[in-house]
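Report on the structure given below.
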Amino acid sequence: MHIVVNGAPLQVPAGTSVAAALAQQTPGTTRTSVTGEARAPLCGMGVCHECRVRIHGRTRLACQTVCTEGMSIHTDVGTAPGSATS
Ligand code: FES
């Protein structure tokens, strides 16, 4: 299936998590911390929230989200108020 990551097309097998899809790309990070450090999925089970990304305009956990056809994913989700997982 085809997804789009930060405007770039990417093909992934059905059933791939967003975190796994992002791991196929360089640099494979999901967001930037308040101190400017690049962050990436850590726990893989929905606890750490290091994998926050924007999917179709909503903040989601990449490790808990399965890719769907045409999904548009944006990384580098900030930590500003309102960017928490909804
Ligand atoms: S990797 Fe920890 S919540 Fe997704």
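The values are calculated or read from the model by the stated rules, or taken from the named source; none is laboratory data. Note that the structure is a prediction, hence the values are computed from the model and not measured. Here the Cβ is made from the backbone with ideal geometry for all residues, glycine too, and neighbour counts use every protein chain on show. Note: accessible area is taken over every heavy atom of the protein model, side chains too, but ligands, DNA and RNA are not part of it. Shrake-Rupley method; radii C 1.70, N 1.55, O 1.52, S 1.80 Å.
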_I'd like the residue in segment 21-48 that is of a type in the set (Gly, Ala, Ser) and closer than 14 Å to residue 60 by Cβ and, out of all such residues, is farthest from the ligand (Cβ to nearest atom)._
21
*Answer residue from segment 21-59, given it is among the basic types (Lys, Arg) and under 18 Å from residue 7 (Cβ atoms) and is least open to solvent (accessible area, probe 1.4 Å) among those*: 31
